[in-house]
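Let me begin by presenting the structure, written as structure tokens, before commenting on it.
The values are calculated or read from the model by the stated rules, or taken from the named source; none is laboratory data. What you see is a predicted model, and the numbers here were worked out from it, not measured in a lab. Because the Cβ atoms are built from the backbone with ideal geometry, glycine has one as well, and the counts that use them run over all protein chains shown. Protein only, heavy atoms only, side chains kept; ligands, DNA and RNA dropped before computing areas. Shrake-Rupley method; radii C 1.70, N 1.55, O 1.52, S 1.80 Å.
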Amino acid sequence: MGNCCSDVAGGKMAVGGTASDHLNSANGPNDAVDNFLRSRGYNGLFSQIELSFSASGLRDRDLVSKSDPMLVLYERGKNGALKELGRTEVVLNSLNPQWITKHTLTYHFETVQDLVFRVYDVDTQFHNASVKMLKLEEQEHLGEATCALSQVVITKFDRSMTLDLHSEDFTRSTQSRNCGKLLVHAEECVNSKTTVEMTLRCCDLEHRDLFSRSDPFLLISKVVEGGSHIPICKTEVIKNDLNPIWKPVFLNIQQIGSKESPLIMECYNFNSNGKHDLMGKVQMSLMELEKLYSSGQGGNLYLSAAAGHNSHNKMLKGRLYVDKYAESVQYSFLDYLSGGFELNFMVAVDFTASNGNPRLPDSLHYIDPSGRPNAYQRAISEVGEVLQYYDSDKRFPTWGFGARPIDGPVSHCFNLNGSSHYCEVEGIQGIMKAYTSALLNVSLAGPTLFGPVISNAARIASQSVANGGRKYFVLLIITDGVVTDLQETKDALVKASDLPLSILIVGVGGADFKEMEILDADKGERLENSSGRLASRDIVQFVPFRDVQSGEISVVQALLAELPTQFLTYVRSRSIQPTV
């Protein structure tokens, strides 16, 4: 949760991550603060990417001289419409141009960003015109190419990808004319890796609780255009203390904007019901916070007086000090992916009887003849279409649970492809095919047990570690009911928290999934196994499918937003470095 954290043991290793992954339970229920942050508008990890372009072997469309190429960059929306993002300069008389103009865009891990590149030969009569004013229909189309931004940024080692340029009518023709090659190079802006470490403390906070001192935590937000606040960081909760010293927080400068960008520092008194009391706040930039550290002085926390809405009517409510301020550059999520790491996708599907008879339209497993996907198919497709780009062989382990295969007992982890020897299928379509085939070959049963599936995924992840693999596994569990082996599931999750594994759970149908939120550390206490051991980090994300079907935030975004953080927490906690 968040793009900072507040724990030395884990926080420094999870810039872009959450402090709750590593908090000692004695430090207070920080997971509830995570949920508070999420409700205040947090979005997932992102990086600024600078794209540069060159081409070779372009078609020569001029009679007297060579072509004069210009590149136009587009992003394709979900509805197929193209949005122009930018244009390069015109390179005169060249079939192998290297354009100087670069384009910067924001990379979002949790979405598929389809890019389209079109190269035009600009007519001589327009050479003195601004490229922004050129009418593209008056220029000669030399070729185009398309790819996802994620394909470029994870290209091993140099983040350069060569694409074949094809003619404009390529999609309508089975034969493509050779229109040359386009080289796209991605560079992550250095600020994306620049991190500020601060140790913050407050003194002279006021009592807010009746029978004890306050339980304070800090929430740090950036001020965006229009004056609204976007949360980017929070500390842990310190119980019963009016002069708290929090564990170090780690801020990503890129997310803030710059060292001069204003930040709102708010001190809250934690309440378990989620309605935290504002104790005081101050607005400062990183540069001003650095000066506080250098001078040893504190900044005043204020609170607006209750009477009226006069912003100048403020009361002093304590002081904020910066005991440590340091800047450093750390390896980013994209450094690891382009440096040889992969994300391996795995799927487990609930085949318990509570889903309903698959042959009837009211079943959650009903296959609509019109082709409209059911909730299971949608979840597989939407998560898979993002993660498939990070898995080189695209062979995905796929299981079912809670069903009785033909002439067999109820199984709580069976290979969805029907094989008794291997569990992998090829590509997202392979998962869909195995799923629809399994519906014809198993009898829905029960109960809903997660333990066997999680243990199977953990075994694969453990074998990868033992073999020196540079892989991180992502298990998607889709279910219609509350898990019935809760303690066994907790035991499996606590054990798996030491492995390169994250688990995404989608709840489909109308069941009450409140108990399921226990498994997601964003919404409750950190998981504890039957022997009292706590999970070393948060590896579970849960979302009810119905909550986001018609909203602006998709299932994919809700589930995947925290995955980069969980990945970074794992690799950095083990001092694993990418190959650069």
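Just a few scattered comments:
- Percent of Cα pairs exceeding the 20 Å cut-off, where the set is region 348-486: 46
- Relative contact order, whole percent, for the chain stands at 15, derived from Cα pairs under 8 Å and 6 or more residues apart.
- Accessible surface of the chain, 1.4 Å probe: 48 percent of it comes from carbon and sulfur atoms.
- Size check on the chain: the Cα extents along the three principal axes, sorted descending, read 87, 72, 49 Å.
- Neighbours of I220 by Cβ distance under 9 Å: Lys/Arg scored +1, Asp/Glu scored -1, total +1.
- Cα extents of region 333-574 along the three principal axes, largest first (Å): 49, 41, 38
- Mean Kyte hydropathy of -0.5 or more with a Cα span along the axis of at least 20 Å, helices from DSSP in the chain: 427-441, 451-466
- Local electrostatic count, S354, Cβ distance below 13 Å [Lys/Arg +1, Asp/Glu -1]: -4
- Contact order, relative form, for region 47-191: 29 percent (alpha carbon pairs under 8 Å, 6 or more residues apart, mean separation divided by residue count).
- Of H103, H229, the residue with the largest accessible area leads and the full order is H229, H103 (1.4 Å probe).
- Put simply, the amide H of N271, placed in the peptide plane, has neighbours under 5 Å in H276, D277, leaving out anything fewer than 5 places away on its chain.
- For I477, residues with placed amide H under 5 Å, excluding near neighbours: A348, L504, I505, V506
- Computed with a 1.4 Å probe over protein heavy atoms only, the accessible surface of region 208-300 comes to 43 Å² per residue.
- The per residue volume of the convex hull around the alpha-carbon atoms of region 73-121 is 91 Å³.
- Sites count as exposed loop sites when they are chymotrypsin sites (Phe, Trp or Tyr not before Pro), lie in a DSSP loop, and have at most 16 other Cβ atoms within 10 angstrom; the longest stretch of the chain without one is 212-421.
- Annotation: per residue accessible area for region 342-416 equals 41 Å², rounded to a whole number [probe 1.4 Å, protein chains only].
- Residues whose amide H lies under 5 Å from that of L115, counting only those 5 or more places away or on a different chain, are R76, C147, A148, L149; hydrogens are built 1.01 Å from N in the peptide plane.
- For region 333-574, the number of Lys pairs with C-alpha atoms closer than 26 Å, counting only pairs eight or more positions apart or on separate chains, is 10.
- CD proxy at 222 nm, helix term only [per DSSP H run n ≥ 4: -39500 (n - 2.57); per residue of the chain; nearest 500]: -5500 deg cm²/dmol
- On a per residue basis, region 63-128 carries 52 Å² of accessible surface, using protein heavy atoms and a 1.4 Å probe.
- Over region 47-191, equivalent-ellipsoid semi-axes from the Cα gyration tensor in Å: 25, 17, 15
- Exposure ranking of K102, K324 by accessible area [1.4 Å probe, largest first]: K102, K324
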